[in-house]
1. With the condition kept exactly as written, say whether any residue in region 326-342 is within 22 Å of LEU416 (Cβ to Cβ) and assigned by TED's automatic domain parsing to the domain that holds GLY282.
2. On the given criteria, is PRO353 without any contact (Cβ under 8 Å) to a residue 12 or more places away in the chain and either polar (S, T, N, Q) or in the same structural domain as ARG235 (by TED's automatic domain parsing) (or both)?
3. Cβ-Cβ below 6 Å, separation at least six or inter-chain, first residue in region 114-128 and more than 14 Å from LEU38 (Cα to Cα), second polar (S, T, N, Q) and in a helix (DSSP H, G or I): which pairs?
4. Any idea which of (1) surrounded by 12 or more Cβ atoms within 10 Å (Cβ to Cβ); (2) within 22 Å of GLY411 (Cα to Cα); (3) not β-branched (Val, Ile, Thr) is the one LEU464 doesn't satisfy?
5. Test VAL333 against the criterion of being over 14 Å from the mean Cα position of the chain (by Cα), in a helix (DSSP H, G or I) and surrounded by 18 or more Cβ atoms within 10 Å (Cβ to Cβ), and give yes or no.
6. Does GLY181 fit the bill of being modelled with pLDDT under 85 and not in a loop (DSSP other than H, G, I, E, B)?
7. Which pairs do you get when a residue that is over 11 Å from ILE383 (Cα atoms), found in region 253-266, comes within reach of a residue that is assigned to a helix (DSSP H, G or I) and among the basic types (Lys, Arg), reach meaning Cβ atoms under 8 angstrom, with the pair 6+ apart or on two chains?
8. Which condition number in (1) more than 29 Å from ALA338 (Cα to Cα); (2) at pLDDT below 85 is the one that ARG193 fails?
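The values are calculated or read from the model by the stated rules, or taken from the named source; none is laboratory data. Computed from a predicted structure; not experimentally measured. Cβ placement follows ideal geometry from the backbone for every residue including glycine, while neighbour counts extend to all protein chains displayed.
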Amino acid sequence: MKGALARAREALRSPDFRRLFLIRMLSQSADGMFQSTLVASVVFSPAQQNTAAGFAKATLLLVLPYSLIGPFTGVFIDRWPRRAILAVVPWLRAALVWLVLFDPDGGGVPFYAGALWILSINRFFLATAAAVVPRLVPGEDLLIANSAATVGGTVALLAGVTVGGQIADAFGSGPVVTAAGVMWIFASFVARRIESDLRALHAHTAPLGHELVRAAREYAREFADGARHLVRSPRALGPITSITLDQLGQGIMLVLSLAVFRDRFDEGIGAFARLVGVGGVGVFAGLLTVGKLEERLAKERIVAIGFAAGAIAIVGVALGVTRFTVLLASFAVGLTFAWKKVSVDTMVQEAVPDGYRGRVFAVYDVAYNVARVVSAGIVIPMIDAIGIEWSAAVVGIAFLLWAPVLPRWTGRVPELVVRFYAGATADEAPRAIVWGGAEEPVEVLRSWREERAGARLRCFRLRLLDDTTIDVSCPDGGDAWRLDRELSRD
């Protein structure tokens, strides 16, 4: 079997995918640089008197476009020429950077209007870049191509924040904003060289306004349906609650760190860049090590360890706030975040049938993003009431208290309930499963017995109505069924 690097090289053999990959690197590096100047203006500017309030503004600017515009991007992407979106959007962003460039302190309406425009229209660009990948690589390379684009884009974004913050600290925001605009324009020129036909395969004849209204109604309906299903799926609700709490804590810690560097050590945006850089290294280390942890521990145990280890680091900072301990805590929080996020995503995927995952993950995304905004609001009265050290201690104690919760939460709920025909004996076949709060009729494709880790197991391969195929197992004589794996629907 080919390794990930070999498969990534095969995906990059496509000239157009290489161009798309370069576009992502250029655009998201510029995004990171722009975001660093945004934080410099609304958090570290001398005109800003309150670090926490400034961070709350920056968070709203970053989260609002994703939350409000995201549901409607697909309507436009399916109607407009996709190559044109990739080529024109960078120019539309670069055209308004002057609103930010000539208001470095971020005090006026033009600054916020320009920043909101630049961040909002980027949703169309990134969504289009993701949507066209299947047109540029063979089907067998699609997974690795998506992974390469996502990971590469994230690394580029973090690098842009780190480099942009250091430059802004030394020379001001002007050179950084200008460089970001130039990089967006260069990305546009690369996009124009894509030769593949990126047009949508199906023509849309309904009026645009009608489609937007329909998209809004459908999003609201599916979001409500996802929320209802999530409430009935404790094995998904527990992990999402955990990562939401983690985002609250991380948001509070980031504001506290910024307050330390700005108000106590009198440092600028370069301190934020270092925080992001060190935290990014921690996330990368977490991504490299989480696989080894999953070989030895259940996912809920990894989440628990992540909360406990993060708590120790945060409480350590509360006991001694220095530049070094704050950066060390940033690394630890990034490391443990990766452990938690990868495990939580997997647990939610396993806890919910495929037919409900999109709706549940829509709720997950909103909770994940809103948590950061809420944290910025919480931290303002926290700092005023109990100070920086005690605020950090509260986060650390909350993480420590939460550490054992998820294993107990998920331990009380079976992964699956298998229903047999009325009056069935142990040798008869299942008729349905209860998975993620929903009962699904099943067809038995195969049954067998095997020994695993010294235990004799009874196993079935089952097909659901949507053609999803799963393997389930249970110890002989027991009723604790578990999902072993979900097979692709080929």
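1. No, that holds for no residue.
2. no
3. Going by the 6 Å Cβ cut-off, the qualifying pairs are ARG123/THR73; PHE124/THR73; ALA127/THR73.
4. (2)
5. Working: over 14 Å from the mean Cα position of the chain (by Cα): yes; in a helix (DSSP H, G or I): yes; surrounded by 18 or more Cβ atoms within 10 Å (Cβ to Cβ): yes.
So VAL333 fits the description; yes.
6. no
7. As it stands, the answer is PHE261/ARG323; PHE265/ARG323, since those pairs meet every condition given.
8. If we test ARG193 against (1) more than 29 Å from ALA338 (Cα to Cα); (2) at pLDDT below 85, just (2) comes out false.
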